[in-house]
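Enquirer: Take this structure first; my questions come after.
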Amino acid sequence: MPKYQVNGRTPLEWIVDRYNKTVDKDSGIVNDPLEGMDEDDIIAVIERAVYVGVESDRLIAELPDEFEPKDWKPKKTGLDAHMVPDARKSA
């Protein structure tokens, strides 16, 4: 199973949460995301989520440990003149 997570959940956990049938306590309105979906549609969603997780794990594993040297500084651009100074830095 993929290790990739978004906000602490795997893609499959997001599907289980989002495709869960709910009933509003006050109105009694039923929200059933699976209503009208056939089995093939549900399987396709699950396959895509697993694919995203597996491919994300693969891509993350290929990333270098460090993107730039520790002493790297961004280049100043013409847009820097328009930046608002951070008040926290001067305090």
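Enquirer: Please identify the GluC sites (Glu not before Pro) of segment 1-42 that satisfy two criteria: DSSP loop assignment and at most 10 other Cβ atoms within 10 Å. Which are they?
Expert: The qualifying sites are GLU35.
Enquirer: Can you tell me the convex hull volume per residue for segment 1-65, based on C-alpha atoms, in Å³ to the nearest whole number?
Expert: 91 Å³
Enquirer: I would also like to ask the following. Restricting to DSSP loop positions (anything but H, G, I, E, B) with no more than 14 other Cβ atoms inside 10 Å of their own Cβ, which trypsin sites (Lys or Arg not before Pro) remain in segment 4-33?
Expert: LYS21, LYS25
Enquirer: Here's a follow-up. Taking the Cα centre of segment 1-65 as origin, sum charge times position over the Cβ atoms of Lys and Arg (+1) and Asp and Glu (-1), and report the length of that vector in debye to the nearest 20.
Expert: Roughly 280 debye for segment 1-65.
Any read-out appearing in this document is the output of simple, stated calculations on the displayed coordinates, not a laboratory observation. Everything quoted here is computed from the prediction, not taken from an experiment. FYI the Cβ positions are ideal-geometry reconstructions off the backbone, even for glycines, and counts take in every protein chain you see.
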